[in-house]
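One structure is given here, and the rest of the page talks about it.
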Amino acid sequence: MVNILNAKIPSSHSRFDDNVTPKIDIQNEILKLLKIKPHTPTELANHFHQTREQFSKSHIYPLRDSKKIEKVNGSHYYQLAKQKNTILTIQKQLRSESDIFKTELFKNWTRKNHAKFEHNNQTRFARIVLGFVTPKFKIHPDDITKENWKEIIPSMVDALIEVANYEVVDGEPNWSNRQAIRHALKYGLGIDISKDEGIELRISGQKPKEKSSDLHITPEQITQAKKLLLKHYSIEDYLKFGVKTWTFVRPSTVYLIELAKMEFIDQLVEYVEDTDGVKLTDEKVVAYAKFRGDKIYSYVRRICHIEVHENKTHDDFDKYILDSEFVEPLEQFYNTRVSRGKKYLFWEDNDTKFESKTYDRILTSSVARDNKFFKKILSMIGFKKSDFGIYFRANYGFRHFGIQMWLIATDYNYNLVSEMSHEGTETLKKWYGKRTQKDFQRKIKGVIMN
């Protein structure tokens with residue numbers, strides 16, 4: 001995004017002046033520059049006409065280690081110690097200084113839409129008109145007018161389709177690009193696009209189909225994944241797979257899990273066996289069996305309880321991991337993290353402040369890495385891109401996997417499972433909780449039609 005914000009229309013001046021500062025004054029000069037606003041190591045190195053690597057070793061790192069400067073969470077920017085910049089305040093400042101955001105279209109857009117993440121649409125549209133998406137299409141935003149927009153949009157769409165690295169549906173760009181274009185027209189130019197115009201121009205407001213609400217992972221696939229991860233990858237990747245599946249938290253939330261909110265418990269499990277040897281653990285069934293004097297079986301299992309806070313909804317949920325093949329190594333990993341004085345299960349920096357407005361940006365690279373990595377793993381255990389709808393977002397697949405796993409285990413007890421993830425059952429049923437074909441067939445075995 002920084003490249004977009006630094007792009008000039010046209011480029012007319014450098015970011016800094018051409019003064020060369022004597023070496024003895026460099027660190028003092030850095031502090032003066034940071035007092036004005038945060039800078040990246042590259043920007044500072046360029047200012048002093050040095051390479052970033054050598055400049056960082058000679059000046060940035062010593063200042064950081066002496067606690068005179070610190071990194072802004074989730075960014076490459078440095079600020080003076082105890083300043084309170086965030087990636088959002090930096091981006092806001094960059095937008096105010098950027099040539100493209102000074103154009104009339106973008107000024108109108110910013111004035112008319114104050115949505116929390118609207119800057120994502122603005123940045124996406126800026127990439128398009130600046131030629132960052134494809135050099136075959138580039139235009140000054142203010143050259144798009146109420147009079148000519150219908151002539152320009154087809155060329156823009158054609159250029160986007162030509163470089164699309166996703167499945168093109170109905171000849172349209174993906175949802176994110178369409179939204180950016182529609183918002184630019186609506187808020188930048190004041191044009192309300194009719195449904196027919198949107199379809200004709202291939203920028204319809206039709207949302208992509210969601211992933212199948214019965215998307216699930218089989219026990220056999222989980223076993224495959226376990227073997228694959230243990231043999232070829234790190235224990236952290238193995239545990240992350242387990243935690244993501246069993247807790248079905250949102251992609252970024254897995255990094256917000258605090259060790260202080262975890263506990264490992266010995267749980268007594270009592271059960272009876274039916275005539276087919278199936279273990280029945282329902283409390284009422286076990287109680288009745290005790291009343292009849294039937295044989296009761298029992299064992300103790302180690303389980304993990306995690307209290308999770310979902311920043312998106314500001315809700316706390318209790319999560320449980322019952323699989324001993326995950327619980328045992330997870331407890332060892334937990335103990336190691338605690339002994340090292342760590343705060344989070346999978347995040348290294350104890351000082352990171354995961355605030356509701358910034359946590360998703362801090363975790364962008366980690367979440368992207370997970371999606372790429374687990375997309376590969378899921379493909380290796382039998383999943384196809386088409387299983388996930390238009391976009392193969394492995395991270396969100398885990399949310400489906402976990403909810404379906406718990407629903408199947410509880411005979412689709414929506415009320416119970418919703419307590420671990422949603423305020424009610426409506427969203428759970430609509431987007432995650434459709435019965436699998438196998439389970440539906442099991443349920444209708446006893447149905448007799450006259």
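Give the residues of segment 292-338 that are open to solvent by less than 70 Å² (accessible area, probe 1.4 Å) and on the phi > 0 side of the Ramachandran plot, sorted by residue number.
Once the filter is applied, which keeps residues that are open to solvent by less than 70 Å² (accessible area, probe 1.4 Å) and on the phi > 0 side of the Ramachandran plot, segment 292-338 yields only 293.
Where residues in segment 64-89 are polar (S, T, N, Q) and over 22 Å from the mean Cα position of the chain (by Cα), which of them is surrounded by the fewest Cβ atoms within 10 Å (Cβ to Cβ)?
So, considering only residues that are polar (S, T, N, Q) and over 22 Å from the mean Cα position of the chain (by Cα), the one surrounded by the fewest Cβ atoms within 10 Å (Cβ to Cβ) is 66.
Out of everything in segment 322-348 that is without any contact (Cβ under 8 Å) to a residue 40 or more places away in the chain and assigned to a loop (DSSP other than H, G, I, E, B), what residue ends up being nearest to the chain's Cα centre (by Cα)?
Per the criteria, the residue is 348.
Only one of 146, 116 is surrounded by fewer than 13 Cβ atoms within 10 Å (Cβ to Cβ), charged (D, E, K, R) and within 25 Å of the chain's Cα centre (by Cα). Can you tell me which?
116
For segment 374-410, what are the residues that are surrounded by fewer than 16 Cβ atoms within 10 Å (Cβ to Cβ), at pLDDT 90 or above and assigned to a helix (DSSP H, G or I)?
Across segment 374-410, the qualifying residues are 376, 379, 380.
Consider only pairs whose beta carbons are under 6 Å apart and that are at least six residues apart or on different chains; among these, list those whose first residue lies in segment 67-87 and is under 21 Å from residue 347 (Cα atoms) and whose second residue is of a type in the set (D, E, K, R) and open to solvent by less than 50 Å² (accessible area, probe 1.4 Å).
Going by the 6 Å Cβ cut-off, the qualifying pairs are 74/361; 87/361.
If a residue counts only when it is among the basic types (Lys, Arg), which helices (runs of 4 or more DSSP H) contained entirely in segment 49-156 have at least 2 such residues?
Details: elements: 52-55, 61-65, 87-97, 104-112, 118-129.
Ranges flagged: 87-97, 104-112, 118-129.
Go over the candidates 288, 271 one by one and state the one that is farther than 25 Å from residue 316 by Cα, modelled with pLDDT of 85 or more and open to solvent by 10 Å² or more (accessible area, probe 1.4 Å).
Among 288, 271, only 271 is farther than 25 Å from residue 316 by Cα, modelled with pLDDT of 85 or more and open to solvent by 10 Å² or more (accessible area, probe 1.4 Å).
Regarding residue 370, is this residue open to solvent by 10 Å² or more (accessible area, probe 1.4 Å) and either at pLDDT 85 or above or within 29 Å of residue 221 (Cβ to Cβ) (or both)?
no
The values are calculated or read from the model by the stated rules, or taken from the named source; none is laboratory data. Bear in mind that the values here come from a model prediction, so they are computed numbers and not experimental data. So basically every Cβ, Gly included, is an ideal-geometry build from the backbone, and we count neighbours across all protein chains shown. We work out accessible area using only protein heavy atoms, side chains counted, and drop any ligands, DNA or RNA first. Shrake-Rupley method; radii C 1.70, N 1.55, O 1.52, S 1.80 Å.
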